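Trainee: The structure follows.
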Amino acid sequence: MKGFEYLDSELEELKVQGVFRKLIELESDQGNRVIIRGKEVVQLSSNNYLGLTNHPRMKQAALQAVEKYGVGTGSVRTIAGTFTMHEAFEQKLAEFKHTEAAIVFQSGFTANVGVLSSLLSDQDVVISDELNHASIIDGIRLTKASRKIYKHSDMKDLEQALQETQNYRKRLVVTDGVFSMDGDIASLPQIVELCEKYDALVMVDDAHSSGVLGRNGRGTVDHFDLNGRVHIQVGTLSKAIGVLGGYIASTQSVRDYLIHKARPFLFSTSHPPAVTAACEAAVDVLLQEPELIEKLWNNTKFFKKGLAELGFDTGNSETPITPVIIGDGGLCMRFSDELFHEGVFAQGIAFPTVAKGKARIRTIVTATHTTEDLEKALGAFEKVGRKLDII
């Protein structure tokens with residue numbers, strides 16, 4: 001069909017740069033090892049931090065929900081798609097996050113888009129870290145508010161932005177809790193102090209912190225003991241929680257407002273019963289099985305130490321997200337392909353997901369990895385790194 005020929009040249013350019021990629025198909029469940037193209041490989045590219053995608057309690061909860069409520073809800077929440085289980089889960093989530101209320105969205109992306117596009121007006125300004133997630137960027141694009149970008153984790157630049165925007169009705173400072181490509185943690189205590197000094201609101205996206213940081217995985221707000229001082233917490237239910245969805249944890253007023261104004265909430269069918277039941281079971285797992293988070297961090301320290309001893313550049317990572325920075329996009333993709341040949345699946349990430357010249361192999365260690373898995377992975381990184389003259 002004619003009409004999209006102009007795309008061919010752009011796709012060809014991606015091929016020339018060596019960064020054109022086809023979707024990878026998994027032929028197994030999501031675990032520490034997966035089957036790809038008929039080959040068993042160590043999985044280092046999944047957000048399944050705690051291995052909850054296969055947790056027996058969550059699988060059982062999902063199966064029971066299907067038997068009782070069916071496979072879908074048949075409506076949006078505001079018409080006929082709110083089940084008792086949806087409300088019960090959101091109440092449990094709010095209690096877990098130490099907030100007054102919570103509301104669930106279809107994904108972390110739609111949660112960010114929904115809250116940013118609906119809460120702010122042309123009388124307000126949003127102030128965002130330059131390395132915030134794409135969903136925050138898109139949410140900001142949809143708001144009528146003015147916007148300012150501050151240099152990554154630069155508190156002097158943030159304070160200057162706060163000083164320059166004092167004439168707005170409301171100022172909302174937005175940051176990732178853990179930055180998804182670098183694995184560093186936001187300077188949240190300093191951000192909160194500055195916002196309190198200049199009477200601004202704080203919003204934290206804890207997509208990669210939920211289930212990872214804080215007591216029982218409550219996130220960066222709890223990690224820094226800032227409960228009650230952050231106005232909006234965003235998180236996902238599809239990474240460490242192991243299922244699907246996103247959420248906003250805040251005040252009852254924010255929840256009520258989003259129910260009436262957030263377009264992703266208003267115009268998307270509610271979560272299927274199996275998803276809701278599994279997510280609720282995940283909160284119980286976090287509360288009752290803290291050893292999963294302990295194992296996650298033990299594995300993370302082991303793998304980071306191994307990469308450092310081999311001489312790889314892992315940037316400023318402080319979390320299970322550990323980038324191995326290569327630089328050139330084409331070389332990075334070749335590195336990823338060579339790792340697969342050695343039995344390790346670790347995806348290359350290049351522009352536009354990261355800046356040009358900052359391509360990296362983005363790895364995530366999980367609680368389900370064994371020492372044997374991690375030693376195999378480190379051996380593969382060493383072999384490929386030396387073959388490509390990176391170490």
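The values are calculated or read from the model by the stated rules, or taken from the named source; none is laboratory data. This is a predicted model, so every value here is computed, not measured. No Cβ is skipped: glycine too gets one built from the backbone with ideal geometry, and neighbour counts run over all protein chains shown. When the accessible area is computed, the model is the full protein with side chains, heavy atoms only, and any ligands, DNA or RNA have been set aside. Shrake-Rupley method; radii C 1.70, N 1.55, O 1.52, S 1.80 Å.
Trainee: Pairs please, first residue from the stretch 347-358 and within 17 Å of PHE335 (Cα to Cα) and of a type in the set (Ser, Thr, Tyr), second anywhere and modelled with pLDDT under 85 and surrounded by fewer than 19 Cβ atoms within 10 Å (Cβ to Cβ), Cβ atoms under 6 Å, 6+ apart in sequence or on different chains.
Mentor: Pairs that qualify, where the first residue is within 17 Å of PHE335 (Cα to Cα) and of a type in the set (Ser, Thr, Tyr) and the partner is modelled with pLDDT under 85 and surrounded by fewer than 19 Cβ atoms within 10 Å (Cβ to Cβ): there are none.
Condition check ((1) touching an Asp or Glu at 6+ places or on another chain (Cβ under 6 Å); (2) outside any strand (DSSP E or B); (3) open to solvent by less than 20 Å² (accessible area, probe 1.4 Å)) across all residues:
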{"residue": "ALA207", "(1), (2), (3)": "no, yes, yes"}
{"residue": "SER210", "(1), (2), (3)": "no, yes, yes"}
{"residue": "LEU226", "(1), (2), (3)": "no, yes, yes"}
{"residue": "VAL234", "(1), (2), (3)": "yes, no, yes"}
{"residue": "SER238", "(1), (2), (3)": "no, yes, no"}
{"residue": "GLY242", "(1), (2), (3)": "no, yes, yes"}
{"residue": "ALA249", "(1), (2), (3)": "no, no, yes"}
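Trainee: Could you grab me the full set of residues in the stretch 140-174 that are open to solvent by 90 Å² or more (accessible area, probe 1.4 Å) and within 23 Å of the chain's Cα centre (by Cα)?
Mentor: Within the stretch 140-174, ARG141, LEU142, ARG147, ILE149, LYS151 qualify.
Trainee: If you don't mind, another one. Would you be able to say whether some residue in the stretch 319-327 is β-branched (Val, Ile, Thr), surrounded by fewer than 23 Cβ atoms within 10 Å (Cβ to Cβ) and assigned to a loop (DSSP other than H, G, I, E, B)?
Mentor: We begin by selecting, within the stretch 319-327, every residue β-branched (Val, Ile, Thr); these are 319, 321-322, 324-326.
Add one more test, that the residue is surrounded by fewer than 23 Cβ atoms within 10 Å (Cβ to Cβ), and what stays is 325.
Narrowing the set further to residues that are assigned to a loop (DSSP other than H, G, I, E, B) leaves none.
No, the stretch 319-327 contains no residue that is β-branched (Val, Ile, Thr), surrounded by fewer than 23 Cβ atoms within 10 Å (Cβ to Cβ) and assigned to a loop (DSSP other than H, G, I, E, B).
Trainee: Residue pairs, Cβ under 6 Å, 6 or more apart or interchain, first in the stretch 284-304 and farther than 16 Å from SER46 by Cα, second open to solvent by 20 Å² or more (accessible area, probe 1.4 Å) and polar (S, T, N, Q). List them.
Mentor: Filtered contacts from the stretch 284-304: LEU286/ASN216; LEU287/ASN216; PRO290/ASN216.
Trainee: Going by the structure shown, is GLU196 of a type in the set (D, E, K, R), assigned to a helix (DSSP H, G or I), within 30 Å of SER270 (Cβ to Cβ) and open to solvent by 10 Å² or more (accessible area, probe 1.4 Å)?
Mentor: When the stated conditions are applied, GLU196 does not pass them.
Trainee: Right, here's the next one. Look at GLU130 and say whether it is in contact with a strand residue (DSSP E or B) (Cβ under 7 Å, 6 or more places away or on another chain), open to solvent by less than 20 Å² (accessible area, probe 1.4 Å) and either under 19 Å from THR175 (Cβ atoms) or among the acidic types (Asp, Glu) (or both).
Mentor: Values: in contact with a strand residue (DSSP E or B) (Cβ under 7 Å, 6 or more places away or on another chain): yes; open to solvent by less than 20 Å² (accessible area, probe 1.4 Å): no; either under 19 Å from THR175 (Cβ atoms) or among the acidic types (Asp, Glu) (or both): yes.
So GLU130 fails the test.
Trainee: Something else now. Name the pairs: first residue in the stretch 1-26 and closer than 26 Å to GLN43 by Cβ, second residue of a type in the set (Val, Ile, Thr) and outside any loop (DSSP other than H, G, I, E, B), Cβ to Cβ under 9 Å, at least 6 apart or on different chains?
Mentor: Note: pairs meeting the criteria are ILE24/ILE36; GLU25/ILE36; LEU26/VAL34; LEU26/ILE35; LEU26/ILE36.
Trainee: What number of residues within the stretch 297-318 satisfy the criterion of being crowded, with 18+ Cβ neighbours inside 10 Å and either touching a Phe, Trp or Tyr at 6+ places or on another chain (Cβ under 6 Å) or polar (S, T, N, Q) (or both)?
Mentor: Number satisfying all stated conditions: 4.
Trainee: Sticking with this structure for a sec: Taking VAL41 as meeting all but one of (1) more than 30 Å from ASP337 (Cα to Cα); (2) of a type in the set (Val, Ile, Thr); (3) not in a loop (DSSP other than H, G, I, E, B), write down the number of the exception.
Mentor: The number of the failed condition is (1).
Trainee: Residue by residue through the stretch 262-290, note down the ones that are touching a Phe, Trp or Tyr at 6+ places or on another chain (Cβ under 9 Å), open to solvent by 30 Å² or more (accessible area, probe 1.4 Å) and part of a helix (DSSP H, G or I).
Mentor: Once the filter is applied, which keeps residues that are touching a Phe, Trp or Tyr at 6+ places or on another chain (Cβ under 9 Å), open to solvent by 30 Å² or more (accessible area, probe 1.4 Å) and part of a helix (DSSP H, G or I), the stretch 262-290 yields GLU280, LEU287.
Trainee: Looking only at the stretch 17-27, filter to residues that are surrounded by 12 or more Cβ atoms within 10 Å (Cβ to Cβ) and over 22 Å from the mean Cα position of the chain (by Cα); which one of those is farthest from LYS295 (Cα to Cα)?
Mentor: The selected residue is GLN17.
Trainee: Report whether or not VAL41 is of a type in the set (A, V, I, L, M), in contact with a Phe, Trp or Tyr (Cβ under 6 Å, 6 or more places away or on another chain) and open to solvent by less than 50 Å² (accessible area, probe 1.4 Å).
Mentor: Here the answer is yes, as VAL41 does meet what is asked.
Trainee: So ASN216 fits all but one of (1) in a helix (DSSP H, G or I); (2) without any contact (Cβ under 8 Å) to a residue 40 or more places away in the chain; what number is the exception?
Mentor: (2)
Trainee: Conditions first: (1) charged (D, E, K, R); (2) more than 20 Å from the chain's Cα centre (by Cα); (3) surrounded by 15 or more Cβ atoms within 10 Å (Cβ to Cβ). ARG360 passes all but one, so which condition is the exception?
Mentor: For ARG360, the exception is condition (2).
Trainee: Another question, then. Restricting to the stretch 337-349, count the residues that are farther than 16 Å from LEU374 by Cα, assigned to a helix (DSSP H, G or I) and open to solvent by less than 30 Å² (accessible area, probe 1.4 Å).
Mentor: Number satisfying all stated conditions: 0.
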